[in-house]
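Below you'll find the structure, written out as structure tokens, and then a few comments.
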There are 2 protein chains.
Amino acid sequence: MPIYKPIPSVKVLAFDIFGTVVDWRSGVASQVNQIAKENGVHLDGGAFADAWRSRYLPSMDLVRRKEIPWMNLDALHRRSADDLLAEFRVGDAFDEPAREELVRSWHRLPPWEDVREGLSRLRKRYILTALSNGGFALLTHMAKEAGLPFDCILSAELCQHYKPDREVYLMAAQMLDTKPEEIVMVAAHKWDIEGAKAAGLHSAFVERPKEKGPNGRADRISDVSVDIGVHDFLELAKELGC
Amino acid sequence: MPIYKPIPSVKVLAFDIFGTVVDWRSGVASQVNQIAKENGVHLDGGAFADAWRSRYLPSMDLVRRKEIPWMNLDALHRRSADDLLAEFRVGDAFDEPAREELVRSWHRLPPWEDVREGLSRLRKRYILTALSNGGFALLTHMAKEAGLPFDCILSAELCQHYKPDREVYLMAAQMLDTKPEEIVMVAAHKWDIEGAKAAGLHSAFVERPKEKGPNGRADRISDVSVDIGVHDFLELAKELGC
């Protein structure tokens, strides 16, 4: 185990959500299976979730490069879902309400098992915020339904930029009236950690090896250069003195 | 007691904070007394709090009329405090850190005694958000320290307008992905209720007769035309089926 240097004067922990806090793949897969069944067709939920998520970064990149106007993650998820339903040859089975329901599956995702206890411990000492590319309503619904004890919700939607644009990380510092270095970005993805560091935040990487399912490759601690690298939120609490 | 018509399809309760959720006068007065004492002078905390609050709406009106550029409530509180310390002839006793501490007193205010239980009951059925002219950091600090179980924090700062500008109420609807009429604005002030109604929100007035201290006159239920008028958050919970 590496020995991490203590980070002075941290006030805020900002949490990435998809993959870091919640298991998007299992959650989306099971809801896709269910919604398909209700609409009289079979869909491989895991394969659909993987295909959907594979369009996540590319779809945000269209906004980041200003090739399409700002739209929140629900709208990007809908664009991708419309394409994928055609690709999976089940487009006719999904009417407008069914497609909306599909998009809403991203609002209801199960947290990893260490999350609630870890956040509860961390909350006693730090301000905890979500800081995700998910929309504000999505994140609020998710935190409420999953019982995530954040002190507030911050979304990329508030500044109409997507991570890893530095505007998102700096918006968190501005809204919480802190210096960037008083925030630790907690994430399971190398690109997010690197974006946070470039904006002047501290960083904690949490390894989530199951994030991308049996065939996907998740980032590992050894892939990233961070202030703190941990395997779950209980270890994070320990490293941060909680 | 009037009989209120049920409001169909309410999803969100949006709470004004100063006066509605927290007792700003007692909270600011006691901290002003304490900070003055630490700086070697006497100040009448209650009188100072009243004078400070009397500048609240006029200072926001300067922003609303675009006579001064956008600044958040901490900055407006600081402007007013600088003037008032001179008026109270204690300016020399308050250095920069003491003035910052004074402004921070608005981040730490006690909730009325019915608030925590009322919000806890309402939270089971509705999404609860702060919707205040206080800054985002101020509201986050307040909710955390006072143990207010909001699902999210929304501040006028997010749209750089102050209530009763309609932009603030409509920002809440946009961020929470609801129609305006799916939100009930809960407030203790007629001007806020009227702003919310003008933006298409439903409204609940809560009477807080002690808000302005022994000599101040708070708005009363009979002063306003609302969907629901109550005396505290427990009555509000009952009216809303919680």
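Quick notes on this structure:
- Of interest is the spacing of the C-alpha centroids, which for segment A:89-137 and segment B:80-135 amounts to 32 Å.
- Charging the Cβ of each Asp and Glu at -1 and of each Lys and Arg at +1, and nothing else, the dipole of the protein assembly as shown about its Cα centre rounds to 220 debye.
- What you get for segment A:1-154, charging only the Cβ of Lys and Arg (+1) and of Asp and Glu (-1), is a dipole of about 900 debye around the Cα centre.
- Cα-based convex hull, segment A:133-181, per residue volume (Å³, whole number): 77 Å³
- Percent antiparallel among DSSP beta bridges (both partners in segment A:123-242, rounded to 5): 0 percent
- Label distances, nm, B:SER222 versus same residue in remaining copies, Cβ-directed 7 Å point: 7.8
- With label points set 7 Å from Cα along Cα→Cβ, the inter-copy distances at B:GLU100 are 4.8 nm, sorted shortest first.
- Rg/Rh ratio calculated on Cα atoms of segment A:1-146 (Kirkwood radius): 1.04
- In summary, the lysines within cross-link reach of B:LYS124, defined as a Cα separation below 28 angstrom excluding same-chain residues under 8 places away, comprise A:LYS124, A:LYS144, B:LYS5, B:LYS11, B:LYS144, B:LYS163, B:LYS179, B:LYS190, B:LYS197, B:LYS238.
- Fraction of C-alpha pairs exceeding 26 angstrom in segment A:58-206: 31 percent, rounded to a whole number.
- Antiparallel beta bridges, as assigned by DSSP with both residues in the protein assembly as shown, represent about 5 percent of the total such bridges.
- For segment B:156-192, heavy-atom accessible area (probe 1.4 Å) falls by no less than 50 Å² from the chain alone to the full protein assembly at B:LEU158, B:MET175.
- Distance from segment B:35-72 to segment A:1-72 (C-alpha centre basis), Å: 44 Å
- If you run the Gaussian network model on chain B, springs between alpha carbon atoms under 10 Å, then out of B:PRO209, B:PRO69, B:PRO110 the most flexible one is B:PRO69.
- Dividing the summed helix terms, -39500 (n - 2.57) for each DSSP H run of n ≥ 4, by the number of residues in the protein assembly as shown produces a 222 nm estimate of -13000 deg cm²/dmol to the nearest 500.
- Shortest-first nm distances, B:ARG79 label point to equivalent points in other copies (7 Å, Cα→Cβ): 4.0
- Rounded to the nearest 20 debye, the dipole magnitude of segment A:24-70 is 220 debye, with +1 charges on Lys and Arg beta carbons, -1 on Asp and Glu beta carbons, and the Cα centre as origin.
- Three-way shape label, segment B:156-242, alpha-carbon gyration tensor, a/c 1.5: oblate
- Of the trypsin sites (Lys or Arg not before Pro) in segment A:116-167, those whose Cβ has at most 15 other Cβ within 10 Å and which sit in DSSP loop: A:LYS124, A:ARG125
- Fraction of the pair-distance distribution of segment B:94-172 above 21 Å, Cα-Cα pairs, percent: 38 percent
- Ordering A:PRO164, A:ILE183, A:LEU109 by the projection of their Cα atoms onto the charge dipole of segment A:91-190, which places +1 on the Cβ of Lys and Arg and -1 on the Cβ of Asp and Glu, puts A:ILE183 at the extreme positive end.
- Among B:VAL32, B:GLY45, B:TYR56 - extreme Cα towards positive end, dipole of segment B:31-120, charges at beta-carbon: B:TYR56
- Against the rule of thumb 2.2 N^0.38 Å, how large the Cα Rg of the protein assembly as shown comes out: 1.03
The values are calculated or read from the model by the stated rules, or taken from the named source; none is laboratory data. Quick caveat, the model's predicted, so the values are computed rather than measured. As a convention, Cβ positions derive from the backbone with ideal geometry for all residues, glycine included, and neighbour counts pool all protein chains shown. These area figures cover heavy atoms from the full protein model, side chains too; ligands, DNA and RNA do not enter into them. Shrake-Rupley method; radii C 1.70, N 1.55, O 1.52, S 1.80 Å.
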